[in-house]
Amino acid sequence: MWAYLARLILRRRYWNLGIILVLAIFMGFQAKKVTMSYEMAQMLPSTDSASIIYQEFKNTFGEDGSVMFIGIEDTNLFHLQEFNAWADLTETIQNIEGVEGVLSISRLYYLDKNDSLKKFDFLPVFSQKPTSQKELDSIMEFVYSLSFYDQMLYNSKSGFTMMAVTLDKDILNTKERVGLIYELRDVGNSFGDQFGMDMHYSGLPFIRTITAKKIENELQFFVILSLIITSIILLIFFKNWKIVAATMIIVIITVIFVLGLLVLFNYKITILTGILPPLLIVIVVENSIFLLNKYHSEIIRHGNKIKALTRVVMFIGNANLLTNMTTAAGFAAFIITGNQALIEFGIVASISIMVAYFLTLFLIPIFFSFLNPPKIKHTAHLKKGLVTTLVTHIVDIVQYHRTVIYVVTIVLVVIGFYGISLLKTTGRIVDDIPKGDKLYKDLLFFEENINGVMPLEISIDTKKPKGVLKISTIKRIEELQILLGEYPELSRPISIAEVVKFAKQAFYGGNKDMYALPNSQEKNFIMQYVPKMDGDNRTILNSFVDTSLQVTRISVQMANIGTKDIQRIKDELRPEIDKIFPPARFDVQITGTSVVYLKGTNYLAKNLLTSLLLALVAISILMALLFSSARMVVISMAPNLIPQIMTAAMMGFLAISVKPSTILIFSIALGISVDNAIHFLSRYRLQLRLNNWNIKTSVIRALSETGFSMIYSSVVLFFGFSIFILSSFGGTEALGYLIAFTLLMALLSNLFLLPSLLLTLDKRITTKRFSEPFLEIFDEELDIELDDLEIEESDPRGHA
C-alpha cells in the first residue's frame, strides 16, 4: 500500500496539488464565515435533572444572567450637578437599542396608595431632574426610606451606587452583543471621565462578552506568534529557507481547513476551539520534521532525490500515521464527555489532526520533488552540532548508566505521588481571568459592596394556584430569606416577601417602620390594592411569581466562590429548606447559573477522567496494532504515563486545582507524548531485522537514528505550547506550561527510560510477535525500482 501511495503522490503531483488547492479555496470561503461564540458554555446535557430544572425556571421567569451592572463609589454623587449627570447617563443607557430596562437610584419606582381606585400606583421617584440641591436632598431622604432598595442599588454608608441594566436576551447570543456592551462601557466611561472617578462593570453578559473578545484577539496573536516561533526553530535546525517556506505553506492551508471545518459543522470559536489553529501549526511542523529528517538522511546515504522521497512516504508516512492517530485519539476522547463545547473541540481537533497528517504526507514530497536535493550544509545537522553531541551522550548514558536512570525515575515517581496527594478539586464561574485584570478587580468591587453578581435562584412551587399569596407561604419565604442572609457569600435576597413589605409600607403612607410582613387581617386589605395578573397584563409581581400565582422565586446574587463552597452552601441549605417548606406540600429547587455551573463542573470532571482512560485504552490498542506484543505495549506506555504523574504532581505543588480546564491537559498530552515512543520502537523493530536480532545493537542504532527527530519535534512542541503561557486566561495559560512540561518529561522518558528498559529486560519482552505486527513498517533495506515510478531522476520536471 505504501509503495503504491508513494507512486500516487509523486507521479500525480500536479493532480494532487490541484485537488488540494481547490479544497483549500473552498475551505477558505467557508473560513470567512467563522464566528465567535457569545453563549455561556453548556457543561451539562439537556437531559440532566439540573438542566431541566434550570430550563423550567427560565421558561417561567426568564433569563437569570441577562443583567449588566455599572457601579461607582463616590460620596459626591448626591451633589446636584453630578446626580443630574448620573440621571442623564441612566436615560441615555435606557434609550440604547438592546437595553430592556435600567434600574438606578435616579430611576426608582415606589408604590403610592390610590384610595379612590383602591389600587397601588407604580410611580417614578424622580418625575423630572431636581433643580436645586434642597430638592435633591428632600427626594433622597424619601429614597432612603424605601427599604426595598437598600443594599440592592446603593449603600448609604459607603457611597456605593450601581445601575442594573437588563439586556435583550435575543441580542446576548449574537455578535451584536459586542457592540452593545462596548457602547454601554463607553457611555459609562464618559461619565467617569467627566467627574474623575473609576467606573466598574460586571454581570454575566459583560464578563462573557469581554472574555469572548479576548479569545478572538488571542487567537490572532497566537497564530502569528506560533508561525514566527516555529519558523525560527525550523531555520535554526535546517538552515534552509526553502524548508521554512514549504512548511509554512502547509501550516496556512491547515489553519484554513480548521476554520473551514468549524463552519461546516456549524460550530463557533470558543475558548477551546480558539486554541486549535496554533495547536495544529505545531503538529504540522512536528510531522514535517520527521519527514524532512528522513529525507535528509536518505540523501546522505545515496543522494537519489526520488528514491529518498519515496522512502520518506513509505517509512515515515506509516509511523506518522500511527503518531497522528494516537494524538487524534487523545482529542477524540472528549467526544464522550457529553459537554457540547468539548464534543465540538474533540471532533474538530481529531479530524484536523488527520487532515494535517495527509497534507504533510502529500505536500512535503511534492514540494521537494520540484527542488534540487539539499546541499551538504543543509544536512550537516545530522552529522555534527549540539543535537548530535546530545544524542551521543544519551546513547552513552543508556549503555553504561542505566542504574542511575532507574534510581532517578523511582525518586521522581515517589515525589510525583506525593505531589498528587496535594491536589485539590475546585472551580469558579469566573475562574480563568487574571487577578490583576480589570474584569476581575471589578468583580471584587461588586462582591465587597453587594456580595457578588453571580445568579443563585430558589424556585418554590406551592402546588396550588394562588398558593404564593397565602400569608403562611410568605412568612416561610421570609424565614428562608433570614437564613440566606446569614451567609456572607450571598447578597440580600429579593422575593415576593419584599414586594409585600413594600406594599405594606405604601399602604401606611410610606412609613419606613411599616416595611414588614402584614398580619392576616392587614394582608387582606393590602392585597386589594395589588393589580391583578390577568392575561398579558404584567405588574410588579410578575418578576417574582408565575401567572397562576403558584410558583415563586427568591433571587440572590452570589460571590465568585469555588465549587466546594457552592456545594457546602447547598448541602447546608437543603435540610433547612425542607424544615421550612415540607416536601409533601412544597417543591423547592435551588437553581440558577451558579448551581448549574457547580453540577456541570462535577459532571465534566468525572467525564474527563473517563475520557482520559478511554484515550489510554484507544492509544494502547493502536500501539498493539503496531507492535503485536502486549509486553511491548506496556513497556512503551510506561514511560509516557510517568510524565502524566509528574504533571499532576506539579499541579499539586503549585496549588493548581483540578478543574475542567486542567483535566483536559492529560488527554491532549498523552496523545502527543506517545509519538516519540512509536517512532523509536518502529525504528527499533527494523533494526532488529537488520542486525540479526542483536537487541543491544538495535536499541543503540534506533536511538541514534530517531534521537534527532525526537529532540527536534519535542523542541517545536515545547515552544509551540509554551506560547499559551502568554494567554490572559488562567486555563489556557495552565494548558501552555503544563503540556510543555509534560512533553519535556515525555522526551526525557522516551530518550532515557524506554531504551534502558529494552536493554535491561532484553529478550523477555522482545518476542517473535513483536517483529510481525498487524500494521507493517517496511524493511529499511527494501529497494524501490525507480522505473516503476515512471519518474526518472533525469526528468527535468524533477528539478527546480
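Data for the structure
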{"item": "Unit charges on C-beta of K, R, D, E only; dipole of the chain, Debye", "result": "2500"}
{"item": "From phi via Karplus (6.51, -1.76, 1.60), per-residue ³J(HN,Hα) for segment 6-23 in Hz, x at Gly/Pro", "result": "4, 5, 4, 5, 7, 6, 10, 5, 5, 4, 4, 4, x, 5, 5, 5, 4, 4"}
{"item": "q = 0.10 Å⁻¹: log10 I(q)/I(0) that the Debye formula gives for the chain, counting C-alpha atoms only", "result": "-1.01"}
{"item": "Label-point separation in nm, Ile410 to Asn155, each point 7 Å along Cα→Cβ", "result": "5.9"}
{"item": "Relative contact order, percent, the chain [alpha-carbon distance under 8 Å, six or more residues apart]", "result": "19"}
{"item": "Approximate shape of segment 68-130 as ellipsoid semi-axes (Cα gyration tensor, √5λ), whole Å, largest first", "result": "26, 16, 10"}
{"item": "Accessible surface ranking that places the most exposed of Lys134, Lys463, Lys239, Lys599 first, with a 1.4 angstrom probe", "result": "Lys134, Lys239, Lys463, Lys599"}
{"item": "Net lengthening on full extension, Asp115/Ile621 (0.36 nm per residue, minus Cα-Cα)", "result": "174.0 nm"}
{"item": "Per-bin percent of Cα-Cα distances, segment 463-594 [5 Å]", "result": "2, 9, 18, 22, 19, 15, 9, 5, 1, 0"}
{"item": "Estimated FRET transfer efficiency when R0 is 22 angstrom, pair Thr131-Gln94 (beta carbons, to 0.05)", "result": "0.55"}
{"item": "Segment 387-428-segment 3-77 distance, computed between alpha-carbon centres (Å)", "result": "39"}
{"item": "Under Karplus coefficients 6.51, -1.76 and 1.60, residue-wise ³J(HN,Hα) of segment 467-482 in Hz, glycine/proline x", "result": "x, 5, 7, 5, 4, 5, 5, 5, 5, 5, 5, 4, 5, 5, 4, 4"}
{"item": "Segment Ile224-Ala3, length gained on full extension (0.36 nm per residue, minus Cα span)", "result": "75.8 nm"}
{"item": "Lysines whose Cα lies under 24 Å from that of Lys466, excluding same-chain neighbours fewer than 8 positions away", "result": "Lys58, Lys113, Lys118, Lys119, Lys475, Lys501, Lys504, Lys523, Lys532, Lys579"}
{"item": "Nearest-ten-degree value, helix 204-238 long axis tilted from longest Cα axis of the chain", "result": "20"}
{"item": "Surface accessible to a 1.4 Å probe, Arg568 within the full protein complex, Å²", "result": "80"}
{"item": "Largest to smallest principal axis extent of the C-alpha atoms in segment 147-257, angstrom", "result": "74, 33, 23"}
{"item": "Computed over segment 109-164, the ratio Rg/Rh where both radii use C-alpha atoms and Rh is Kirkwood", "result": "1.02"}
{"item": "Cα-based equivalent ellipsoid, segment 429-495: semi-axes from gyration tensor eigenvalues, Å", "result": "34, 13, 8"}
{"item": "Whole-angstrom gap from segment 162-203 to segment 459-537, using each part's C-alpha centre", "result": "32"}
{"item": "FRET efficiency, 1/(1 + (r/R0)^6) with R0 25 Å, evaluated for Lys579 and Ser49 via beta carbons", "result": "0.65"}
{"item": "Partner lysines for Lys606 [C-alpha distance under 26 Å; skip if fewer than 8 residues away on the same chain]", "result": "Lys268, Lys424, Lys564, Lys570, Lys659"}
{"item": "With all protein chains modelled, accessible area of Met637 [1.4 Å, Å²]", "result": "10"}
{"item": "Rg/Rg_ref, segment 204-347, where Rg_ref = 2.2 N^0.38 Å and atoms are Cα", "result": "1.25"}
{"item": "Set of lysines near Lys294 by C-alpha distance (under 21 Å), chain-local residues within fewer than 8 positions excluded", "result": "Lys239, Lys242, Lys305, Lys307, Lys375, Lys377, Lys383, Lys384"}
{"item": "Label-to-label distance, nm, for residues given as Trp241 and Thr389 (7 Å Cα→Cβ offset)", "result": "2.9"}
{"item": "Helix 496-507 vs. the chain, principal-axis angle (Cα, 0 to 90°, nearest 10)", "result": "30"}
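The values are calculated or read from the model by the stated rules, or taken from the named source; none is laboratory data. Only a predicted model underlies this, so the values are computations on that prediction, with no experimental measurement involved. FYI the Cβ positions are ideal-geometry reconstructions off the backbone, even for glycines, and counts take in every protein chain you see. What goes into the accessible areas is simple: the full protein's heavy atoms, side chains included, and nothing from ligands, DNA or RNA. Shrake-Rupley method; radii C 1.70, N 1.55, O 1.52, S 1.80 Å.
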